[in-house]
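So the structure is just underneath, and the comments pick up after that.
Read the figures in this text as sums done on the coordinates, not as results from a lab. For clarity, every value in this text was computed on a predicted model and none was experimentally measured. Backbone-built Cβ (ideal geometry, glycine too); neighbour counts: all protein chains shown.
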Amino acid sequence: MTLRATPALRDDLVVTTDTGAVRGVRRSGVRRWRGIPFADSTAGAGRFRAPRPAPGWDGIRDAAHFGPVAPQLRRGQFIGAAPHLPRSEDCLSLNVIAPDDSDATGPGRPVMVFLHGGAYSVGSSGEYPRQGERLVRRHGVVYVSCNYRLGALGWLDLRRYASAGHPIESNLGLHDQLAALEWVRRNIRAFGGDPDRVTLFGESAGANSVTTLLTVPAAEGLFARAIAQSSPANAVYSVETAQAWAGEYVRLLSRIVDDDDLDSEAPQDAAVMLRTADPELLARATTELAVRTPDENPGTISLAPVIDGEFLPERPLDAFKAGRAHRVPLVIGTNDREGSLFEGRIDILPTTKPRIRAIFANTRKPARKAIKRQYPGLPERRPAADFAGDFTFWYPSVKLAERHSRFAPTWCYRFDAAPRMARLLGLDATHGLELFALFEKFDTPVGAGLTVLGGRRMFRAVGRRMQAHWAGFAVHGEPRTEAAGCLAWPRYDEERRLTLILDGRDRIEADPRGDRRIAWQRFVPHV
C-alpha cells in the first residue's frame with residue numbers, strides 16, 4: 001500500500017492513530033478518512049497467516065481514497081464489486097466517517113462497524129462510496145467499514161499444506177475482522193467515537209461473520225451490541241468438511257496453474273503452488289469451487305468459517321444454545337423472500353430438484369411432509385426459491401434469536417418492503433434489498449432501476465425508519481427511537497416471538513409464519 005506524506009492543511013481533518021497521522025476530507029456535513037491500514041500486507045510471507053500489525057509512517061498520510069480491495073474476480077459466478085478499485089493482497093484497510101462536529105475530547109459518539117457481504121468471495125468497503133454518510137449525518141454516529149480477505153485467502157482451511165517453515169492458519173477472514181475491531185478499540189476515540197459503545201453489524205456473509213464473532217472468545221469486549229441482517233448462521237463447518245473442500249480447491253487450482261513441475265497430490269508441491277500462485281488464479285479457483293459446491297454438497301457454502309477448536313471452538317448455534325455466546329444485545333432478521341435473488345446467475349442455494357432432494361434425504365419422512373406443505377408446488381421455481389431462502393437464512397436466524405433471547409436482549413425483524421419494479425421482476429423483498437433502503441443507495445444504477453416505476457418515497461421512508469431503529473440501538477443498546485412513524489419495538493422471546501415487520505406501514509406480528517417455523521423444527525440435522 002502506497003504511503004503518501006502530505007503537509008497538514010486543516011488541523012481538524014488530521015487525526016493521529018497508533019501507527020501515524022491521517023488526513024481526511026470534509027464533505028456535506030461529515031468528515032471521512034479512507035484507506036487507513038489496520039494491519040500489514042497479507043502478500044508474500046503474510047499469505048495464509050493471521051494479520052500482522054500495520055507498519056507506521058512518518059508525516060501525515062493522505063486518507064482521501066479507498067484502499068485496494070481483496071483479490072476477487074471482476075466477473076464470474078458472483079456479481080463483481082467495486083470495479084473502479086485496484087485488487088491487492090495489501091487490502092486490510094478501513095474507513096471512518098464522523099459528524100463534522102465530532103470532538104476527540106468529548107464523551108464520544110456511538111460507533112457502528114459494518115461488515116460487507118458477498119458470499120465471502122466478492123465485495124469491499126468501497127462498493128458504494130457514500131455508504132454510511134447519511135447515517136452519520138442524520139444520527140450523529142461514527143461509521144466504520146473495512147476490507148477483509150476473501151475466497152481461499154480468507155475462508156478455506158488449508159492447514160494440511162502447512163510446514164514448519166511455512167505455517168498456515170485458518171479463519172483468516174475472521175482474524176482480519178477481529179484486527180479491525182481491535183484497531184477501533186485503540187483508535188476510535190481520536191475520531192470522536194466511544195470505544196465502549198461499538199455496534200458490529202453486517203449483511204449476508206457479513207452478518208454470518210457477526211453471529212460467528214459473537215462466539216469467538218477473542219472478540220469478547222470488542223463490541224457492545226450486534227446487528228445481523230440475513231445471516232446464514234448455520235454456514236460454519238467442521239474441520240473434516242472444510243479440509244475436504246481444501247483438497248478439491250488445490251486440484252482445481254492445479255488445473256488452472258497448469259505447471260507440469262508441480263504435482264497437486266504431493267503436499268509439498270501443493271504448498272508451493274498455494275504460496276506462489278497469482279491472486280487472480282487463486283480467485284478463479286475460488287469461483288470454480290463455489291460453483292461446484294451447491295451440487296456436490298447441497299445446502300452448504302464452501303467458503304465459510306471453520307470450527308477449528310481454537311479461535312472458533314464450537315459451532316455457533318451450539319454456543320448460543322448453551323449461553324456461551326457473548327451476551328450482548330442483538331438485532332437479527334431477514335427479508336421476506338431471501339431466496340428469489342439466487343435464481344439464475346447467483347446459483348448457490350438449494351433451489352433445484354436434486355439439491356432439494358438431497359436436503360430432505362437428511363431427515364425423516366414426517367418432517368419432509370410437514371416442510372413440503374409449507375411450500376405448495378415445490379420444487380417449482382417460486383416455492384423452491386422460498387424453501388432455499390428459508391433453509392439458508394430465515395430458519396437459522398430464528399433459531400439463533402430464540403437461543404440468544406434466553407440470555408441477552410434480542411429483537412427480531414422482517415423486511416417486507418419492495419418497490420414496484422422488484423415485485424414485477426418476481427424478486428419482492430429479496431436478499432440484500434434492505435441495504436438500498438438502509439443506506440439510501442438510490443443514486444446507484446441498481447437503486448435507480450428498482451424505483452424507476454415508482455415506490456421510491458415509500459422505500460426511502462422505510463429506510464429512514466430502519467436507520468432510526470439501528471442508530472437508536474447503537475446509542476441506547478435497544479432500538480429506542482422517537483422518530484416519526486417508528487413503532488415501539490418489543491423484545492423477542494420464545495413465548496410471544498414479537499417481530500417488527502418493516503413495510504410501507506410497519507407492524508408488530510407475533511410469531512410470523514409460525515406454522516412454517518414449527519414445520520422446520522422437525523428438521524433435525526444441522527440446526
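Observations on the model:
- Reachable aspartates and glutamates, given that their alpha-carbon falls under 13 Å from the alpha-carbon of LYS399 and they are not under 8 places away in the same chain: ASP318, ASP390, ASP493, GLU494, ASP511
- Likely footprinting exposure, HIS84, HIS139, fewest C-beta neighbours within 10 Å first: HIS84, HIS139
- Percent antiparallel among DSSP beta bridges (both partners in the chain, rounded to 5): 40 percent
- Distance-filtered residues of the range 188-210 - backbone nitrogen under 14 Å, label point 7 angstrom along ALA104 Cα→Cβ: 188-194
- Sequence-ordered 3J(HN,Hα) estimates for the range 25-42 from the Karplus curve with 6.51, -1.76 and 1.60 and θ = phi - 60° stand at 10, 9, 8, 6, x, 10, 10, 9, 10, 10, x, 7, x, 9, 7, 6, 4, 9 Hz, glycine and proline given as x.
- Annotation: amide H-H contacts under 5 Å for ARG31 (H modelled 1.01 Å from N, sequence separation of 5 or more, or interchain): ALA98, ASP100.
- The distance between label points at GLN521 and GLU509 comes to 1.8 nm (points 7 Å beyond Cα on the Cα→Cβ vector).
- Prolate/oblate/rounded call for the chain, Cα gyration tensor, a/c under 1.5 rounded: oblate
- Computed across the range 376-463, the Kirkwood radius stands at 14.7 Å (inverse of mean 1/r, all Cα pairs).
- Sequence-distant residues sharing a close amide H with VAL69 (under 5 Å, placed H): ARG87, SER88
- Global geometry of the range 284-354, whether rounded, prolate or oblate, following the gyration tensor of its Cα atoms and the 1.5 cut on a/c: oblate
- FRET efficiency for ARG185 and ALA244, using Cβ-Cβ distance with R0 set to 45 Å, rounded to 0.05: 0.80
- Going by neighbour counts of Cβ atoms within 10 Å, the residues ILE307, ILE256, ILE60 line up, fewest first, as ILE256, ILE60, ILE307.
- Cα gyration tensor shape for the range 133-263, rounded if a/c is under 1.5, else prolate or oblate: prolate
- FRET E, pair ARG255, GLU314, Förster distance 22 Å, beta-carbon r, rounded to 0.05: 0.05
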